Amino acid sequence: MNIAFLSTAFLNTMKESTSITLVSLARALMNRGHTVVIITNKKKGLPPFERIWDVPIYRFFNGRILGPI
């Protein structure tokens, strides 16, 4: 299965709990054979694409992913 996580809370370092949790979940799903990516906001000083623990992270939008819910 192809899975994309959309996160506005994916932060600058792997020390924050959101980053650790999301990447850990993505890795667990990848270990079960799924294709997983994380899509998040652009961050100044961070690349638009990188791999963290083999999980692809795309940073290519500014602002909110979703409107008011």
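Each value in this text was obtained by applying a stated rule to the coordinates, not by laboratory testing. Because the structure is a prediction, the values reported are computed rather than measured.
In this structure, the amide hydrogen of Val36, modeled 1.01 Å from its nitrogen in the peptide plane, lies closer than 5 angstrom to those of Ile3, counting only residues at least 5 positions away or on a different chain.
3J(HN,Hα) along the range 47-56: x, x, 9, 7, 10, 10, 6, 6, 8, x Hz, from the Karplus curve 6.51 cos²θ - 1.76 cosθ + 1.60 with θ = phi - 60°, whole Hz, x for Gly and Pro.
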